Structure formats: C-alpha cells, structure tokens
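Below you'll find the structure, written out as structure tokens, and then a few comments.
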Amino acid sequence: MDCYVSDFQEVDQTQLAAVGGKGAHLGELSRIDGLRVPPGFCVKTNAFQRIMAEAPSIDDPLNELSRLKPDDREKIRGITAEIRRTLEGIAIPDDLAAAITRPLARLGGQAAYAVRSSATAEDLPTASFAGQQDTYLNVVGPAAILQHVSRCWASLFTERAVTYRLRNGLDHSKVHMAVVVQLMVFPQASGVLFTADPVTGNRKVASVEAGFGLGEALVSGLVNADVYKVREDEVIARLIAAKPLAVHASAAGGTQEQAIEPERQEQRVLTDAQVLRLAQLGRRIEAHFGCPQDIEWCLAADEFQFVQSRPITTLFPIPVAGDAENHVYVSVGHQQMMTDAMKPLGLSLFQLTAGRPMYEAGGRLFVDVTRGLASPASRAGLLQVLGKGDPLIGDALETILERGGFIPSLADEGPATTPSAGAPAAIETDPAIVTELIGRSQASIAALKRDIQTKSGPALLDFILADIRELRRILFDPQSHQVFMTAMEATWWLNEHLQAWLGEKNAADTLTQSVPNNVTSEMGLSLLDVADVIRPHPEVVAFLQRVNDDRFLDELPRLAGGQAARDAIRAWLDKYGMRCAGEIDITRPRWAERPSTLVPLILGNIRNFEPGAGKERFEQGRHEACVKEQELLERLQALPDGERKAEEVKQMIDRVRTFIGYREYPKYGIVSRYFVYKQALLEEAARLVEAHLIRTKEDIFYLTLQELHDVARTNQADHQLIRRRKEAFLSYQKLTPPRVLTSDGEAVAGGYRRDDLPAGALVGLPVSAGTVEGRARVILDMAEANLEPGDILVTAYTDPSWTPLFVAIKGLVTEVGGLMTHGAVIAREYGLPAVVGAEHATQLIRDGQRIRVHGTDGYVEILP
C-alpha cells in the first residue's frame with residue numbers, strides 16, 4: 001500500500017518497529033488459516049514520527065520526563081497534558097491525511113471502525129502495556145478517523161503510559177506509535193481468552209471470560225464476566241456472573257451503556273459447545289505464536305472473530321526437563337531466602353556449589369522432586385524435611401499428591417530413610433569440635449586468597465573451578481553436617497518433649513538465645529560496637545548524615561575522630577564485608593563494594609542505643625536462656641520420673657547451645673569464598689574490557705562460569721547473547737517465583753490447615769516464641785530501613801544481611817521462611833517473637849499499622 005499505511009495482510013511480527021505490537025499481532029492473526037479477523041490497516045510509525053518532527057517544542061518536555069521517577073505524579077501529569085495538547089493541535093498534512101483515508105474507500109467509507117493505538121513497546125513477550133494507550137470504537141467517516149488517529153498518537157503520552165515506561169526502564173524518545181484502523185464488529189458477546197490459566201499458570205487449562213455486547217464493559221470493570229475453564233476438550237468449571245448492563249455501539253458514534261433485562265442478567269453468555277470451539281481456536285493461535293496468549297474475541301452471527309492477541313507476560317516460565325513426563329519442581333530460593341532473580345554467573349556458580357542437578361527458570365533455581373514423591377520409601381521423609389523447612393511447600397506437595405494421577409507411583413527400592421523421630425544420633429558435646437571446623441574453613445579461605453593472586457585468563461577460571469571442589473568438600477564435610485543436624489534435631493526434640501511433659505510451646509526458642517559461635521548474630525551486635533566508636537564524635541556523625549557515595553571512608557580521617565571511625569568500619573568490613581542482600585548470587589554488590597549501604601544502619605544504632613548495647617544485649621539473652629533452663633529443669637524434677645527427664649533435657653540443652661551457633665557458619669564460608677572469586681573475576685573482566693572483548697566489567701555477570709572460561713580461552717565473546725540475557729533478566733525481575741511448580745506450569749499454592757485463629761489474622765509458621773505489639777515497618781529494601789526501637793519488621797524474606805536491623809526491632813514477620821532459615825535462627829537468638837511464611841504480609845499489612853505478632857502460635861493480628 002502507501003509508505004505510511006500497510007494492510008493487515010502485508011504485516012507480520014518482523015515489522016513491529018513499523019506497526020507496533022498490536023498491529024504486528026493483528027497481521028499475524030490474519031495469516032492463520034480458518035481464523036476470522038475483521039479487516040483493517042495500520043498507520044505506520046513513520047507517520048507519527050513526521051508529526052513529532054512538526055513539534056520541536058516538545059523536545060524539552062520529553063527530556064524532562066526522562067529525568068522523573070514513576071512516583072513524581074504531579075509533574076508527570078502536567079508535562080504529559082502539555083505534550084498531548086501540542087500533538088492533537090498539529091494539523092495532519094494533506095498527503096498524510098490522504099494516505100490514511102484512501103483504504104477506507106475499499107473497506108467502506110461510511111462504515112464504522114475501531115481506531116486503536118499500537119505502540120512499538122506494546123504486546124511484547126516481556127511487557128504487555130495492555131490498556132496504557134487509547135482505543136476508540138464506532139468511529140464513522142474520514143474526518144472522525146483522522147481526528148481519532150491524532151488522539152491515538154497523543155495517547156503515547158498519557159500519564160499512565162509514561163509512568164509504565166518509567167517503571168519498565170523504557171526511553172520515551174525511542175517508543176513510537178502506530179495506529180490500527182479496523183472494521184467494527186457489533187457482537188452479541190465478547191471477552192478474553194487466556195490459553196493458560198492466568199491465576200495458576202497451568203498451561204493445559206484455558207480460561208474464557210465472556211460478557212454481553214462489546215468488551216468495554218468487562219475491560220472497564222462495569223460488570224463481572226462469566227468465567228469458563230477448559231482442560232483437554234472439557235469444560236471443567238463455570239462461574240456465571242450477574243451482568244446488569246452491556247456496552248453497545250451508539251447510533252451517533254462511540255458507545256453507550258444499556259441495561260440488560262432482569263431475566264437475562266444471569267443467563268450464560270456462551271454454551272459449552274461455544275466455549276470449547278473458542279478454546280480450540282485459541283490453541284491454534286497459541287501454536288502460531290509459540291507461547292500462551294491473551295486473546296480478545298467477539299461473537300457475531302455465531303462466528304468468533306478475533307481483534308487482538310498478545311503474549312501473557314505474567315506467567316512464570318517452566319523448567320525444561322526434555323521429556324513429556326509430569327514433573328514437580330521445588331524452589332531453591334525459598335529455602336535459601338533469596339527469591340529474587342539471579343544473573344547467569346550467580347546461577348551457574350551456585351549450582352556448581354550445590355553439586356546437585358537443578359533446573360533454571362525465570363532466573364531462579366528449582367529441584368525436581370518427582371521421583372522422591374513417587375516412591376513410598378522416600379515420600380514421607382521428603383515431605384517431612386521440606387515441610388519443616390517451609391510448611392507451605394510441604395502442603396503444596398501434599399495437595400498434588402491428594403489429587404492423584406499426576407505423579408506416578410514407583411515401586412519401593414529399599415527401606416525408608418525418614419529422619420528419626422527420636423533423639424538425634426549421639427555426638428560428643430564438645431565446643432572444640434566447632435572451633436576446629438571454623439579454623440579449618442578460615443585456613444582454607446586464607447590459602448585461597450594467597451594462591452588466587454597469581455592467576456589470570458583461563459588459568460584463573462581453572463583455579464576457581466578446582467577451588468569449588470574444595471568449597472564443596474568443606475561444605476559437605478560429614479562432621480560439619482553432623483554438628484548442625486545434631487543441633488537442629490536436638491531443638492526439635494526439646495520442643496516436642498517439653499510441650500508433652502510441661503505444656504511449654506517452642507521452649508527451645510528462649511534456650512537458644514545468645515549462643516556462642518553464631519557469626520551472623522555476632523555481625524549485628526558488632527555493628528553496635530562500631531556505633532559506640534563513632535557516637536562521641538559529632539563531626540563524624542554530621543558527616544555520615546550527608547554521605548551519598550562509597551568514597552566516604554577516604555574522607556573520614558580529615559575529621560576529629562574520623563580515623564577511629566574509619567578503622568572501626570574497615571575492621572567490621574574485613575570480617576563481614578563479603579555479605580549483602582541476596583548474597584548467594586555472586587553478582588550482587590557486597591558491603592565492602594558499597595560501604596555506604598551501612599551508613600543508615602550505623603546512624604540508626606547511634607540514635608537508638610546507648611553505649612555498650614552490643615555486649616549488654618548478648619549478656620541479657622544469655623541470662624534469659626540460663627534462667628529458662630533452670631526453671632524447666634526444676635519443673636521437670638517435680639514430675640514422675642523427673643530426674644531422668646531433667647537429665648535428658650539438660651543433655652539436649654547443652655547440645656543445642658554448643659552446636660546451634662555453627663548453623664550459620666557454612667553459608668558464611670560460602671560467601672567468603674564467593675567474594676574472593678568475585679574480586680579476581682572482576683580483575684579478569686577489566687582485562688577483557690581493555691582487550692575490547694566485552695563492553696563493561698559487569699557483562700561477565702550475564703555469562704555462566706563455563707562461558708566466561710570460553711571467553712578467556714578463545715578471546716571471543718557473544719555480545720548478542722549478553723544483550724539477550726540482560727533483557728531477559730529485566731523481565732525475570734518482575735516475576736514472582738512459586739514455591740512449587742509443575743511441568744504443566746501450575747504454581748501450586750500451599751496453605752496452613754488451621755481453624756483456631758481470630759478473624760482476619762494472617763497465619764504463618766511460629767519460629768520464635770513470644771507475643772509482641774508494635775508499629776509495623778514494611779520494608780522491601782534494607783537500604784531504605786528507617787527503624788525506631790519497638791518497631792516490628794515486616795518484609796518478604798530475610799537473609800543474613802538483614803541481621804544488623806534485628807538489633808533495632810522487637811518482632812519479625814516475613815512472607816518466606818522456615819524453622820531453621822536464617823531469619824528464624826537469629827530471631828530466636830535475639831529473643832524476638834517471629835512469624836515467617838505469612839503469605840502476602842507485605843501487601844496485607846500497611847506500613848505504620850499496629851500489629852500483634854504471636855510468635856508462639858504462628859499468626860499476626862492487624863490491630864485497630
């Protein structure tokens with residue numbers, strides 16, 4: 001057709017830059033045999049660019065927009081209104097107007113059309129932009145169509161579209177607008193078809209939403225839709241909604257709402273036969289595009305017509321098993337307290353460290369537990385271990401098993417290997433065992449630091465791969481494993497027996513306060529000591545309040561007391577600087593790399609605590625544990641057979657207090673080695689940048705360790721691969737990983753099977769006993785924490801990096817966690833009532849609300 005206009009039949013997905021996402025998808029839909037798509041054409045982006053060139057006055061407002069943040073709503077509103085007024089006020093040149101209106105003669109000059117925006121950053125696999133730009137229905141006549149094309153161009157700069165681009169990191173000046181002009185369909189019914197269940201993610205279940213008339217009633221939320229679910233040519237669920245009104249075309253142009261007669265309001269919109277026919281057509285569309293689709297459809301004269309199809313961008317990817325069998329995958333991140341997306345270098349290194357098969361999906365790692373669930377010999381033990389770690393994972397797996405048919409049943413291959421329910425295996429309660437294990441680990445890290453300095457190029461990668469074997473040897477040392485398993489099993493034994501004998505719930509929580517050799521809890525208390533050094537020097541405190549970059553340590557010695565402050569911070573970083581949020585991902589910035597992250601924590605400690613608070617807190621916890629131990633032993637001795645019971649409990653208490661602190665050390669050893677690797681790899685990356693093999697040092701984060709080895713060996717790098725990995729990572733960051741995922745793509749949600757809770761309570765797992773009330777501080781980024789004494793921290797998850805915050809709070813609520821995850825261990829050691837695994841806590845609890853945390857019974861109340 002014209003250089004400014006293309007018919008749908010001339011368009012395919014390769015022309016997204018010319019016709020936008022909506023136009024490209026309509027062109028593809030038009031190519032599918034047997035599919036009805038109302039005819040139309042696209043006004044291409046070069047027409048929009050020509051109009052933009054007529055308005056140089058909007059360059060300054062566009063530049064100003066690019067500097068704003070998504071929350072600058074008032075400024076965004078004002079600037080976008082100005083840009084839209086400018087664009088809508090530009091007269092379309094005659095030759096361009098003729099090009100746009102020429103196809104109308106063929107399609108029907110006085111017919112009704114839908115005029116729809118089609119941006120180049122729209123209907124993409126990673127960002128749908130659904131509803132961000134404008135659509136106009138029942139537009140009649142060339143003049144009206146030209147007017148509405150102008151409005152569509154201007155709608156690229158609606159407040160909502162600009163905010164969406166800011167949140168997704170898209171440059172306003174690089175996004176262009178095409179416009180779709182399509183013959184109107186006047187349907188008896190319309191709606192949306194999802195070829196995968198948008199709620200559960202199940203790729204084998206299609207979901208149909210349907211209403212009477214045009215789809216605008218559903219899109220705008222005026223009425224609820226009928227919902228039909230289809231699996232394997234069977235309608236498996238029907239939810240028929242009351243539909244008091246519908247939207248229809250108006251005789252004067254545009255649309256209008258019309259009331260539906262009372263007797264029709266609760267009638268089905270579609271028959272089962274129509275639902276099945278629609279689902280079959282949807283599967284053909286999905287097959288054409290190669291991924292699950294969100295499809296807009298209309299039903300007119302008993303024929304389905306399709307006016308849009310776009311990828312469903314919210315589905316979590318399915319791990320690739322390479323076969324057609326059913327699989328069940330469990331999230332590694334929920335067990336490691338790191339549910340954020342990881343970059344490829346971090347994923348590959350953690351997999352090598354773990355030394356077991358893992359599957360990668362959406363920037364996260366999963367383990368396949370299908371075989372363990374299929375075998376009766378291993379099933380009970382697997383459910384017990386995973387259920388103790390995270391009850392929601394355990395319940396999700398139980399849910400899958402209860403359905404039947406998904407997991408095949410395998411014959412037993414040997415005796416069951418379920419963990420012992422009795423007392424743990426005997427190990428001598430000797431503190432020297434822990435001291436020796438820690439000493440061996442430290443000596444090995446010192447040797448690593450010494451030996452890695454001489455390595456570069458392929459030899460460096462070979463050295464790191466060899467050292468990972470040393471890391472695994474230390475990590476899976478039988479004695480190391482026996483120490484912390486002995487402590488964990490003794491903890492469970494104490495809780496079980498003391499509840500049975502004395503009615504004490506979670507008694508071990510108090511008994512494990514202030515234990516020796518807990519490197520993570522010591523880290524938080526040591527930062528209180530750093531505050532003690534700085535507090536007497538007001539000039540240093542004032543300087544720290546103005547810090548905004550990571551070079552502040554070099555400036556401290558110029559101030560009175562600054563040298564002592566710098567020495568204290570550097571000494572702390574020497575011991576703990578390899579840690580950070582999400583530390584199992586080697587690519588995340590460490591505290592030693594970004595020491596400014598610590599400044600708000602130090603200032604909070606100066607403000608909230610008196611000198612000596614670190615030692616005082618530790619001694620207070622040790623005293624409370626000692627008092628609790630004496631109380632329990634005295635009560636036990638008064639029972640029948642009390643001497644024996646007291647003796648057994650005393651043995652278990654000693655065992656727990658001697659060994660439970662070591663529970664935190666293996667991870668400290670891992671991240672200590674990771675930081676040594678990272679420093680060496682970044683030096684190697686600087687060499688690769690200098691040799692023009694990669695563009696920035698951080699490019700290596702988007703390669704696996706083996707791929708980086710190949711780059712160092714061959715002096716060749718795949719820049720397109722790195723670019724694709726960066727784009728994929730940005731999309732993965734927006735996804736929420738499920739605890740349990742099936743090969744059908746279904747995210748199976750577990751629950752807590754309890755009916756003993758107050759109305760409105762959030763249920764979770766009790767991990768640290770006690771009840772506390774206070775102000776909820778909902779914090780998702782540790783760097784933004786501004787806590788006051790008595791606050792209760794509410795967050796998605798905590799790893800060891802959050803420990804410095806624990807000294808300032810009096811309770812903890814997390815969405816992810818288990819009995820022995822790091823947040824739970826540290827909460828018990830600090831004596832903080834804590835509930836973990838409280839799903840959606842950061843959304844259901846508002847920052848500043850008063851809440852009551854029941855750490856003994858495992859629930860949270862939101863108070864008036």
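The values are calculated or read from the model by the stated rules, or taken from the named source; none is laboratory data. All values derive from a computational prediction rather than experimental measurement. Ideal geometry is used to build each Cβ from the backbone, glycine not excepted, and the neighbour counts take in all protein chains shown. Calculation scope for accessible area: heavy atoms of the full protein, side chains included, ligands and nucleic acids excluded. Shrake-Rupley method; radii C 1.70, N 1.55, O 1.52, S 1.80 Å.
Just give me the residues in segment 176-190 being open to solvent by 10 Å² or more (accessible area, probe 1.4 Å) and either closer than 15 Å to R310 by Cα or among the aliphatic types (A, V, I, L, M) (or both), in sequence order.
L183, M184, V185
Being assigned to a helix (DSSP H, G or I) and in contact (Cβ under 8 Å) with a residue 24 or more places away in the chain is the filter; apply it to segment 358-378 and report the residue that is most open to solvent (accessible area, probe 1.4 Å).
Here the residue is R371.
Given the condition assigned to a helix (DSSP H, G or I), closer than 23 Å to I312 by Cβ and among the aliphatic types (A, V, I, L, M), answer yes or no: does some residue in segment 199-217 qualify?
yes
Filtering segment 45-59 down to residues that are at pLDDT below 85 and not β-branched (V, I, T), which residue is surrounded by the fewest Cβ atoms within 10 Å (Cβ to Cβ)?
P56
Is at least one residue of segment 742-753 under 20 Å from L465 (Cβ atoms), in contact with a Lys or Arg (Cβ under 9 Å, 6 or more places away or on another chain) and outside any strand (DSSP E or B)?
Checking segment 742-753: not a single residue is under 20 Å from L465 (Cβ atoms), in contact with a Lys or Arg (Cβ under 9 Å, 6 or more places away or on another chain) and outside any strand (DSSP E or B).
In segment 522-576, which residues are farther than 30 Å from E829 by Cα and assigned to a loop (DSSP other than H, G, I, E, B)?
Matches in segment 522-576: H537, Q545, R546, V547, N548, D549, D550, R551, L559, A560, G561.
Can you tell me which residue is modelled with the lowest pLDDT among those in segment 102-125 that are part of a loop (DSSP other than H, G, I, E, B) and more than 22 Å from I295 (Cβ to Cβ)?
Top of the filtered list is G109.
Can you name every residue in segment 47-68 that is part of a helix (DSSP H, G or I) and among the hydrophobic types (A, V, I, L, M, F, W, C)?
Matches in segment 47-68: A47, F48, I51, M52, A53, I58, L62, L65.
Being of a type in the set (A, V, I, L, M), open to solvent by less than 20 Å² (accessible area, probe 1.4 Å) and touching a residue at least 40 places away in the same chain (Cβ under 8 Å) narrows it down to one of L757, L762, so name that one.
Within the list L757, L762, the selection yields L762.
Look at A776 and say whether it is on the phi < 0 side of the Ramachandran plot, open to solvent by less than 10 Å² (accessible area, probe 1.4 Å), modelled with pLDDT of 95 or more and among the small types (G, A, S).
It is true that A776 is on the phi < 0 side of the Ramachandran plot, open to solvent by less than 10 Å² (accessible area, probe 1.4 Å), modelled with pLDDT of 95 or more and among the small types (G, A, S).
Just need a number here: residues in segment 69-91 that are assigned to a helix (DSSP H, G or I) and not aliphatic (A, V, I, L, M).
11
So is A196 at pLDDT below 90, aliphatic (A, V, I, L, M) and under 26 Å from D226 (Cβ atoms) or not?
no
Can you run down the residue pairs with Cβ atoms below 6 Å, 6 or more apart or on separate chains, where the first is in segment 463-491 and in contact (Cβ under 8 Å) with a residue 12 or more places away in the chain and within 18 Å of K650 (Cα to Cα) and the partner is in a helix (DSSP H, G or I) and of a type in the set (V, I, T)?
If the second residue must be in a helix (DSSP H, G or I) and of a type in the set (V, I, T), the pairs left are A487/V656; A487/I660; A490/V656; T491/V656.
Go through (1) open to solvent by 10 Å² or more (accessible area, probe 1.4 Å); (2) within 19 Å of Y732 (Cβ to Cβ); (3) touching a Phe, Trp or Tyr at 6+ places or on another chain (Cβ under 7 Å) for Q351 and report which single condition fails.
All conditions are met except number (3).
Out of all the residues in segment 581-593, is one or more on the phi > 0 side of the Ramachandran plot and crowded, with 19+ Cβ neighbours inside 10 Å?
yes
Between a residue in segment 91-110 that is surrounded by 19 or more Cβ atoms within 10 Å (Cβ to Cβ) and any residue that is small (G, A, S), which pairs come within a Cβ distance under 8 Å, given they are 6 or more apart or on different chains?
So the pair list comes out as I92/S150; L96/A47; A99/A47; I100/A47.
Search segment 435-462 for residues that are under 14 Å from R473 (Cα atoms) and in contact (Cβ under 8 Å) with a residue 24 or more places away in the chain and pair each with any residue that is open to solvent by 30 Å² or more (accessible area, probe 1.4 Å) and part of a helix (DSSP H, G or I) when their beta-carbon atoms are under 6 Å apart and the residues are at least 6 apart or on different chains.
S441/I474
Just name the residue that is nearest to E470 (Cα to Cα) out of those in segment 629-686 that are without any contact (Cβ under 8 Å) to a residue 12 or more places away in the chain and hydrophobic (A, V, I, L, M, F, W, C).
My answer is A686.
Kindly establish whether G333 is surrounded by fewer than 21 Cβ atoms within 10 Å (Cβ to Cβ) and within 26 Å of S375 (Cβ to Cβ).
It is false that G333 is surrounded by fewer than 21 Cβ atoms within 10 Å (Cβ to Cβ) and within 26 Å of S375 (Cβ to Cβ).
Taking the condition of being small (G, A, S) and surrounded by fewer than 21 Cβ atoms within 10 Å (Cβ to Cβ), how many residues in segment 298-312 meet it?
2
This table checks each residue for (1) small (G, A, S); (2) on the phi > 0 side of the Ramachandran plot; (3) in contact with a helix residue (DSSP H, G or I) (Cβ under 6 Å, 6 or more places away or on another chain); (4) assigned to a helix (DSSP H, G or I).
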| position | (1), (2), (3), (4) |
| --- | --- |
| Q335 | no, no, yes, yes |
| A341 | yes, no, yes, no |
| R356 | no, no, no, no |
| A380 | yes, no, no, yes |
| L392 | no, no, no, yes |
| P408 | no, no, yes, no |
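Can you tell me which residue within segment 284-296, out of those that are among the charged types (D, E, K, R) and surrounded by 16 or more Cβ atoms within 10 Å (Cβ to Cβ), is nearest to E28 (Cα to Cα)?
The extreme case among them is E286.
Pairs only if they're at least six apart or on different chains, beta carbon under 7 angstrom, first in segment 209-221 and within 16 Å of V307 (Cα to Cα) and open to solvent by less than 20 Å² (accessible area, probe 1.4 Å), second of a type in the set (G, A, S) and not in a strand (DSSP E or B); list them, first residue then second.
A210/A225; G211/A217; G211/A225
Quick one: L218 ticks every box in (1) at pLDDT 95 or above; (2) within 31 Å of the chain's Cα centre (by Cα); (3) of a type outside the set (G, A, S) except a single one, so which number is it?
(1)
Taking the stated definitions as given, is R36 of a type in the set (K, R), more than 40 Å from the chain's Cα centre (by Cα) and surrounded by 14 or more Cβ atoms within 10 Å (Cβ to Cβ)?
no
Identify the single condition in (1) modelled with pLDDT of 95 or more; (2) open to solvent by 10 Å² or more (accessible area, probe 1.4 Å) that V385 does not satisfy, given that it satisfies every other one.
(1)
Mind listing whichever residues of segment 850-864 are among the β-branched types (V, I, T) and open to solvent by 50 Å² or more (accessible area, probe 1.4 Å)?
Answer for segment 850-864, where residues must be among the β-branched types (V, I, T) and open to solvent by 50 Å² or more (accessible area, probe 1.4 Å): just I862.
Pull up segment 1-33, narrow it to residues that are of a type in the set (G, A, S) and free of Cβ contacts under 8 Å to residues at least 60 places away in the same chain, then point me to the one that is surrounded by the most Cβ atoms within 10 Å (Cβ to Cβ).
The extreme case among them is G27.
Looking only at segment 251-267, count every residue that is surrounded by fewer than 14 Cβ atoms within 10 Å (Cβ to Cβ) and either hydroxyl-bearing (S, T, Y) or farther than 21 Å from V185 by Cα (or both) and tell me the total.
Residues flagged as surrounded by fewer than 14 Cβ atoms within 10 Å (Cβ to Cβ) and either hydroxyl-bearing (S, T, Y) or farther than 21 Å from V185 by Cα (or both) within segment 251-267 amount to 6.
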